[in-house]
Amino acid sequence: MASAGSVRPLVIGIGTDERSDDGIGLDVARELGRHGILAADVREGPGDLTRLLDVWEGRDRVILVDATRSEQPPGTIHRWDRDDLRSLPTGGAVSSHGLSLADVLELARELDRLPARLTIFGIEAGATGAGTDRSAGASAAVPEVCRRIEAELRGSGGSAGDA
Amino acid sequence: MTERTVRVEYLARVEGEGALTVRVRDGSVENVELRIWEPPRFFEAFLRGRAYGEAPDITARICGICPVAYQMSACHAIERALGLEVPRALRDLRRLLYCGEWIESHALHIYLLHAPDFLGYPDAIRLAKDHPEAVATGLALKKAGNALLTLLGGREIHPVNVRVGGFYRVPTREELSPLEPVLEDAFLAAERTARFAAGLAFPKVEEDYEFVALRAPDGYPMNEGEIVSSRGLRIPQERFEEEFEEVQVPYSHALQSRRRGGGPYLVGALARYALNRDRLPPRTQHLVAEVGLEPEVRNPHRSILVRSVEVAFACEEALRLLRSYGPPDRAWVEPPDGFAGGVGRAVTEAPRGILYHRYDLGADGRIREAKIVPPTSQNQSQIEADVRHVVVGAIDRPDPELADACERAIRNHDPCISCATHFLKLEVDRG
């Protein structure tokens, strides 16, 4: 793992564009990309989440954004830190093509490949059926999550990097 | 009458959603039904009316694990309809892309889906706790396959750079050469994988499979060759539908295939290896000898070892193609003028076995009809037969153990249920 502060933080939006609100993490990445974000790289996540271990290799500070389902109103914002991750449900594989995000994070922990500082924002999804439209509730959370990500990165001192 | 029902709500570590029902009456197996309840996806229907050039990108969406297979079968079938000959250099580049998909797909199955079965873990996470180096090797292999896919396919998932006639853009020598050390390391990882797999304890099973795969004049099959079987079948790809038929079963959304007038057959790694062992390149042959792999593997549990050998092959082949690469004159070739419409059929070797596409094109280049027969559809009947044998041999075991044995029998064949029409639910009905 790279030494602290040697590389820019990375923000990764995860999801599937074609499954309605499941693409909301991608919307956050695009929104951040559109406005530019201080002192961080932004990318859309790999479809195969095991690739996250490669995508964040060498990064000390990573923020993930993904859709969540917890029977709360669409657009509800959740936040977890690296040490909260064990409260995420693993196993049971909701994703059939490989591993779920919680599984991949647990796998990364076992392999000692979790970033030193990892934050996950979840945006509660409404509909996740086929289609590219987002629900009003989930979409409304995008600017707020962008604002909170920028605040965290500023608050953290971000990284020195080339910012 | 004594009756027994065992239920497993879904089968884990398979690609897709489905269920299995086993009915036992008076101590004997009445029937085994692999039920694929993932909704039908209607790809063949919504290809109708589309321009032929759209087919590779539309069909790639059928599967996130093997999109290249769909692109390859689509392109070859359409090119056959158009009478379009694709030059060797572009065919080699396609083969290189396919190597990437084989490596990535097989590594996923070997380490994250299949290996936990042999070592007594419920999943790859628990496996990683005790065997981190094994899981790390799997992830490194996936990464190497992914690097090929990303470079040649334009992105890492659902590649967008494949087109009828070739590629939208071909890489430069300078772009490809950094992949040589990556693939050399991957070959070494594949060797370690085969040694790891060879050391696993395998349940003793021997199945009487009819293996079906492609066989080409030279090289281990991917995009080219005749359809051959271990029972003497040898036909050109165009005659696939004459020898194989799809039947509807009431309990599944996926059609099942069988030999016309015959029974189930098996496609995939076991079949390819049995029918093409002599076509493996030297370093992989050496590995086969080292791990003591028999000439024909009829124990489906040992498919993990055959897949490991195929990963080594795909790395060795990718290295050969990388080292001999010179950019083709053109990224793609155009079809001859005067196309009056016609039908094209093609079979290529997806990681899970032969994948058949047929397209009937109008003179305007639009698709009139499409037919797609994925490998998992073809293996369904054989998987049911394997499960039946497991149940017969383990009928006295308690339901959870029996259910676990059935799930393993299914995972042996790496079914991609989402391709066949997603989780498997297992239900054993003992009456």
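The values are calculated or read from the model by the stated rules, or taken from the named source; none is laboratory data. On a predicted model such as this, the values are computed, not experimentally measured, just so you know. Positions of Cβ are generated from backbone atoms using ideal geometry, with glycine treated the same way; all protein chains shown enter the neighbour counts.
Structural remarks
- Test result for B:Pro159, part of a loop (DSSP other than H, G, I, E, B), within 11 Å of chain A (Cβ to nearest Cβ) and either touching a strand residue (DSSP E or B) at 6+ places or on another chain (Cβ under 6 Å) or not aliphatic (A, V, I, L, M) (or both): no
- Against the conditions (1) under 24 Å from the mean Cα position of the chain (by Cα); (2) more than 11 Å from chain A (Cβ to nearest Cβ), B:Pro171 satisfies every one except (1).
- Filter pass, B:Ala409 being under 15 Å from B:Arg23 (Cα atoms), of a type in the set (Gly, Ala, Ser) and surrounded by 17 or more Cβ atoms within 10 Å (Cβ to Cβ): no
- Total residues in region B:93-126 satisfying the condition of being more than 9 Å from chain A (Cβ to nearest Cβ), of a type in the set (A, V, I, L, M) and under 22 Å from B:Pro415 (Cβ atoms): the figure is 5.
- Number of positions in region A:67-92 that are modelled with pLDDT under 85, part of a loop (DSSP other than H, G, I, E, B) and crowded, with 18+ Cβ neighbours inside 10 Å: 1
Condition check ((1) over 17 Å from the mean Cα position of the chain (by Cα); (2) of a type in the set (Lys, Arg); (3) closer than 13 Å to B:Ala350 by Cβ) across all residues:
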| residue | (1), (2), (3) |
| --- | --- |
| B:Asp26 | yes, no, no |
| B:Val29 | yes, no, no |
| B:Val32 | yes, no, no |
| B:Ala55 | yes, no, no |
| B:Cys66 | no, no, yes |
| B:Ile103 | no, no, no |
| B:Ala107 | no, no, no |
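- When residues of region B:273-307 are limited to those that are under 21 Å from B:Arg320 (Cα atoms) and of a type in the set (S, T, N, Q), the one surrounded by the fewest Cβ atoms within 10 Å (Cβ to Cβ): B:Gln285
- In region B:140-155, residue surrounded by the fewest Cβ atoms within 10 Å (Cβ to Cβ) [restricted to those that are touching a helix residue (DSSP H, G or I) at 6+ places or on another chain (Cβ under 6 Å) and facing another protein chain (nearest Cβ under 10 Å)]: B:Ala140
- Consider region B:44-69 and keep the residues that are over 23 Å from B:Cys99 (Cα atoms) and at pLDDT below 90. The one that is nearest to the other protein chains (Cβ to nearest Cβ) is B:Phe46.
- Given (1) modelled with pLDDT of 90 or more; (2) within 11 Å of chain B (Cβ to nearest Cβ), index of the condition A:Leu114 fails: (2)
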